[in-house]
Amino acid sequence: MKADRERWGKLRRAETLAALDILGVGGSSASFLGLADQKLTELLMSGYLDTLKRLAAIVADWAPTDLLVPSISDTHPDHNALAVMFRLVLERRSFRRNADVDVELRRARCRA
């Protein structure tokens, strides 16, 4: 089982790097969190604070104008767990500086 998750992780990483290459973005610009496949819901339910801190640090350091994250309604457990984690990170007052992010967060709430 663990070998399958590692294999899927490697495959997803390769797919991501190939997509970035098509978009003209070098692989050195990518940052992977290395979170375990099929374990994000479990992580969210037990010990997610360190992961939230990592996500918050990435958002703060990168200061994006737009974030594309999975829908909280996504039926894949990893996708909707990540959506919840990002929602928790973005709802912290320190990340409410960007009006575009606020608008997208409100739209996500309306769709959820």
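The values are calculated or read from the model by the stated rules, or taken from the named source; none is laboratory data. Given the structure is predicted, the values throughout are model-derived calculations rather than measurements. No Cβ is skipped: glycine too gets one built from the backbone with ideal geometry, and neighbour counts run over all protein chains shown.
Figure legend. Inter-residue proximity from the stretch 73-84: first residues surrounded by fewer than 16 Cβ atoms within 10 Å (Cβ to Cβ), second residues in a loop (DSSP other than H, G, I, E, B) and small (G, A, S), beta-carbon distance below 7 Å, spacing 6+ or different chains. Indicated pairs: S73/A112.
Test T75 against the stated conditions and say whether it is modelled with pLDDT of 85 or more and among the β-branched types (V, I, T). The answer is yes for T75. Evaluation of D66 against the conditions (1) among the charged types (D, E, K, R); (2) within 25 Å of K2 (Cβ to Cβ); (3) not assigned by TED's automatic domain parsing to the domain that holds A3 shows that the sole unmet condition is (2).
Is it the case that G34 is of a type outside the set (A, V, I, L, M, F, W, C) and surrounded by 11 or more Cβ atoms within 10 Å (Cβ to Cβ)? No.
Within the stretch 37-56, restricting attention to residues that are surrounded by fewer than 12 Cβ atoms within 10 Å (Cβ to Cβ) and of a type in the set (D, E, K, R), which residue is farthest from the chain's Cα centre (by Cα)?
Just the residues of the stretch 37-56 that are surrounded by fewer than 12 Cβ atoms within 10 Å (Cβ to Cβ), to begin with: 45-47, 49-50, 53.
Now narrow it down to the ones that are of a type in the set (D, E, K, R): 50, 53.
Working: D50: 14, K53: 12 Å.
My answer is D50.
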